[in-house]
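S.K.: Take this structure, written in structure tokens, and hold onto it; I'll ask about it next.
The values are calculated or read from the model by the stated rules, or taken from the named source; none is laboratory data. Predicted model, so just to flag it, every value in this text is computed and none were measured. Note that each Cβ is placed from the backbone with ideal geometry, even for glycine, and that neighbours are counted across all protein chains shown.
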Amino acid sequence: MKNSKYHFFSTDTSKVLQALGKDVLIEDYKKMVLIRNLELRLESCYQQGKIGGFMHSYAGQEAIQTACIRAIGQDNWYTTTYRCHALALLLKVSPKAIFAELFGKVTGNAHGRGGSMHLYSDKMLGGFAIVGGHTPIAAGAAFSLAYKNVKDKVSICFLGEGSVPQGAFHESLNLVSLWNLPCIYVIENNQWGMGTAAKKAVSAHPIAEKMGPAYNIKDYTLDGMDYFSLHAGFAHIFEEIKKTQRPVLVEVITERFKGHSISDPGFYRSKEELERIKKRDPIYLFKDKLIENKLFSEEDAKQIEQEQIELIKKAMTEAESDPDPDPVHLGEGVFALEDERIFGV
């Protein structure tokens, strides 16, 4: 991970420990464990045929959005990709509402209509299945803040490195820079776009370091497996953007532990490579640092994990027994022109 080509944002772990304190750090550890267990249980449900369509796991990337929201706060605009379960959970969507949505239940986050890739909350403009298609939406959210002269909020857009070659991404960078919009684009570089290695799909690496200057945008590179590096970086970036009201481009170097989707066997990575990657599991790294600083013990960590497992199991069981949508409501929320005269017939 600590490849010399990456110039990581320097982190003083002791400052993060001091700034956040024991209770907050343990709370974020619980959130990361909850996300991991949510994804593991959803994967099992998918394999049992309880979930249809596609499903993309965030396992291995939990520290990124957990640390970002802790540093920046929930009261901002967020947009993300189809790998959206974690962000929804962090923005107060309940585990039961997520399970119900993926099960296609009427009690789901989108009444069972959106599925795995289209979760949302009052501050999450949605999970988006079109690669790079959400990047202009994040620019629009930033425009609304600038238009209303809101100086203490930002628009945060999470995207994969697979979105970088898309034209919408470059158009968005050009606009947010040209119009001085408070937008943070966070490239979660998990090294693989579907089955294509990032180095075979994106011509410039490190991505943010090379592309930021092209659009006159400040860039940062963060270690996506290290909660402390992420929190320090996002906290710094947030304070900077509130002062400058200028966009920022961030590349977060990470790895996903699963295939592109759960149906992807991931044969493009060897078992040995995957085991090497998992030695930097962000949850284990975080746990070890908390134990090292005597904020909790190994036994405390095991108890937390069991509590999160039980919480997820309860949410799954409750969601399974919820009712399916009534077909009579199928057309609600779908905008269409019903008057045939509009079409001149």
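S.K.: Working only within the stretch 50-80, note down all residues that are in contact with a strand residue (DSSP E or B) (Cβ under 7 Å, 6 or more places away or on another chain) and either surrounded by fewer than 24 Cβ atoms within 10 Å (Cβ to Cβ) or assigned to a loop (DSSP other than H, G, I, E, B) (or both).
M.R.: Scanning the stretch 50-80 gives Gln61, Ile72, Asn76, Trp77.
S.K.: All but one of (1) under 24 Å from Ala235 (Cα atoms); (2) without any contact (Cβ under 8 Å) to a residue 40 or more places away in the chain; (3) out of contact with any helix residue (DSSP H, G or I) (no Cβ under 8 Å at 6 or more places or on another chain) hold for Ile137, so report the exception by its number.
M.R.: (2)
S.K.: If you don't mind, another one. Any idea which of Lys96, Lys105, Lys151, Lys92 is among the basic types (Lys, Arg), farther than 26 Å from Tyr268 by Cβ, in a helix (DSSP H, G or I) and at pLDDT 95 or above?
M.R.: From the options Lys96, Lys105, Lys151, Lys92, the qualifying one is Lys96.
S.K.: Moving on to the next point. Only residues that are in a helix (DSSP H, G or I) and either buried (at least 20 other Cβ atoms within 10 Å of the Cβ) or at positive phi (or both): list them for the stretch 38-49, please.
M.R.: Leu38, Glu39, Leu42, Tyr46
S.K.: Return the pair list, or none, for Cβ contacts closer than 6 Å from residues in the stretch 283-308 that are more than 24 Å from Arg256 (Cα to Cα) to residues that are assigned to a loop (DSSP other than H, G, I, E, B), at least 6 apart or on different chains.
M.R.: Close Cβ pairs satisfying both conditions: none exist.
S.K.: Taking into account only those residues within the stretch 300-324 that are within 13 Å of Leu42 (Cα to Cα), of a type in the set (A, V, I, L, M) and out of contact with any Phe, Trp or Tyr (no Cβ under 8 Å at 6 or more places or on another chain), which is surrounded by the most Cβ atoms within 10 Å (Cβ to Cβ)?
M.R.: In this case the residue turns out to be Ile312.
S.K.: Using beta carbons and a limit of 8 Å, which pairs, at least six apart or on different chains, have the first residue in the stretch 105-119 and surrounded by fewer than 21 Cβ atoms within 10 Å (Cβ to Cβ) and the second one of a type in the set (Lys, Arg)?
M.R.: Short answer, once both residue conditions are applied: Thr107/Lys96; Gly112/Lys105.
S.K.: For Ile291, all conditions in the list (1) surrounded by fewer than 16 Cβ atoms within 10 Å (Cβ to Cβ); (2) assigned to a loop (DSSP other than H, G, I, E, B); (3) hydrophobic (A, V, I, L, M, F, W, C) hold save one; what is the number of the exception?
M.R.: (2)
S.K.: Tell me, yes or no, whether the stretch 268-287 has at least one residue that is modelled with pLDDT of 95 or more, among the basic types (Lys, Arg) and in contact with a helix residue (DSSP H, G or I) (Cβ under 7 Å, 6 or more places away or on another chain).
M.R.: So far as the stretch 268-287 goes, yes, one or more of its residues are modelled with pLDDT of 95 or more, among the basic types (Lys, Arg) and in contact with a helix residue (DSSP H, G or I) (Cβ under 7 Å, 6 or more places away or on another chain).
S.K.: Could I ask something else about it? Does Glu209 fit the bill of being in contact (Cβ under 8 Å) with a residue 60 or more places away in the chain and in a strand (DSSP E or B)?
M.R.: On the way: in contact (Cβ under 8 Å) with a residue 60 or more places away in the chain: yes; in a strand (DSSP E or B): no.
Spelling it out, it is not the case that Glu209 is in contact (Cβ under 8 Å) with a residue 60 or more places away in the chain and in a strand (DSSP E or B).
S.K.: May I ask you to list the residues in the stretch 312-334 that are touching a helix residue (DSSP H, G or I) at 6+ places or on another chain (Cβ under 6 Å) and outside any helix (DSSP H, G or I)?
M.R.: Pass one, the stretch 312-334, residues touching a helix residue (DSSP H, G or I) at 6+ places or on another chain (Cβ under 6 Å): 312, 315-316, 318-319, 322.
Of everything in the stretch 312-334, just one residue is touching a helix residue (DSSP H, G or I) at 6+ places or on another chain (Cβ under 6 Å) and outside any helix (DSSP H, G or I), namely Asp322.
S.K.: Got a sec? Which of Ala235, Ala204 is assigned to a loop (DSSP other than H, G, I, E, B) and surrounded by fewer than 21 Cβ atoms within 10 Å (Cβ to Cβ)?
M.R.: Of Ala235, Ala204, the one residue that is assigned to a loop (DSSP other than H, G, I, E, B) and surrounded by fewer than 21 Cβ atoms within 10 Å (Cβ to Cβ) is Ala204.
S.K.: Among the candidates Gly49, Gly60, Gly53, single out the residue that is of a type outside the set (Asp, Glu), free of Cβ contacts under 8 Å to residues at least 40 places away in the same chain and closer than 22 Å to His260 by Cβ. I'd like the intermediate steps shown before the answer.
M.R.: Numbers: Gly60 fails: free of Cβ contacts under 8 Å to residues at least 40 places away in the same chain; Gly53 fails: free of Cβ contacts under 8 Å to residues at least 40 places away in the same chain.
Of Gly49, Gly60, Gly53, the one residue that is of a type outside the set (Asp, Glu), free of Cβ contacts under 8 Å to residues at least 40 places away in the same chain and closer than 22 Å to His260 by Cβ is Gly49.
S.K.: Out of Phe257, Phe234, Phe238, which single residue is within 18 Å of the chain's Cα centre (by Cα) and farther than 22 Å from Gln191 by Cβ?
M.R.: Phe238
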